[in-house]
1. Percent antiparallel among DSSP beta bridges with both residues in the stretch 44-198, to the nearest 5?
2. If you add up the charges near GLU207, with Lys and Arg at +1 and Asp and Glu at -1, over every other residue whose beta carbon is less than 13 angstrom from its beta carbon, what do you get?
3. In the stretch 57-99, which trypsin sites (Lys or Arg not before Pro) are in a loop and have at most 13 other Cβ atoms within 10 Å, using DSSP for the loop call?
4. Can you tell me the dipole magnitude for the chain around its Cα centre, using point charges on the Cβ only (Lys, Arg +1; Asp, Glu -1), in Debye to the nearest 20?
5. In µm²/s, what is D for the stretch 85-215 at 4 °C and 1.567 mPa s, where D = kT/(6 pi eta Rh) by Stokes-Einstein and Rh is the Kirkwood radius from Cα pairs?
6. Could you grab the relative contact order for the chain? Cα pairs under 8 Å, six or more apart, rounded to a whole percent.
7. Expressed in nm², what is the orientationally averaged projection area of the convex hull enclosing the Cα positions of the stretch 2-264?
8. Give me the net charge of VAL38's neighbourhood, meaning all other residues with Cβ under 14 Å from the Cβ of VAL38; Lys, Arg count +1, Asp, Glu -1.
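Nothing in this text is a laboratory measurement; each read-out follows from the coordinates by a stated rule. Since the structure is predicted, the reported quantities are computational estimates derived from the model, not experimental observations. We place every Cβ from the backbone using ideal geometry, glycine too, and count neighbours over all the protein chains shown.
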Amino acid sequence: MQSILKHGFGLKASRSFFEKLSPSVVKGMIKDKGFILVNDMNYTRESFADMASKYGNLIKFAQETRPGMKSNQVLDLDGNSERLVSGRVELPLHSDGNILKTNVDLVFLYADEIKNLKYQGGTTIVDFKKALEQMPPHLKRILDEEQFETLGIEKGYYPEGVEPYWFQMETYNDRGWTKQFNIYLNYKEKSQGISWITRLRGFSESENERFFFELDKYFRKYEHSYLHYWKKGDLIIMDNRRVLHARQSFDKGSTRLIFRIQLSEPI
Ligand SMILES: O=C(O)CCC(=O)C(=O)O
Ligand SMILES: [Fe+2]
């Protein structure tokens, strides 16, 4: 099996090799390497959920908050233009679960249908663990010492009443072996709608802009980030505790149906 980035972030496995690995072995590998990519898989929603359920407890969402979804465990990221998280717009870097306060340990993504998507709709995965270790002090100090505040905005994704106001976000969730980064970075392009917004308490608007721009640029440096352009049949399993992810926007002429499962490991 090969690492995807030369310093050892990400793993690529063939289908036959992946299918021989036990979930506990895969979990150990991605704790170390961040994520695994397997091409040429062939799942239905049901068989995808069956596979994932061997890794832990699937997180169910209230179906009334996600209208039209065919399952309450598998979220269709279907590019619906009326939505944001499951729509076609950019999603800034984040790790899952922090606005809804659900404990997400692993995230599974499977590409069920992909058309006209050669150089758009990519998913970026950042080695947060390494990025934090090497972070320039002027950025690291903000993470360690300042207070982030977030507002969950997207109706129909964040159920109304969850936190209908700015709330303080703990910067890290210390998992012992790694620190999860709870902060949702900001949108670059706001005109098509945003799902959330984050700010630093006491920072001016331009200070906030400068900080989030620089932090995003730093995370996306080639040394610690991988950009995946999807093909049908691709499976990615990532360890949400040690990576961040983001999505590029994609246009109306393309099809991108990705199934998403979030799960927590039994304690
Ligand atoms: O569409 C993607 O590539 C990622 C979506 C995502 O981050 C999410 O559903 O939480
Ligand atoms: Fe996500």
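1. Within the stretch 44-198, antiparallel bridges account for around 90 percent of the total.
2. Local charge sum for GLU207: -1.
3. Those satisfying the criteria are LYS60, LYS70.
4. Value, rounded to 20: 780 debye.
5. Translational D for this selection: 79 µm²/s.
6. Relative contact order, the chain: 37 percent.
7. Averaged projected hull area, Cα only: 13.4 nm².
8. +3
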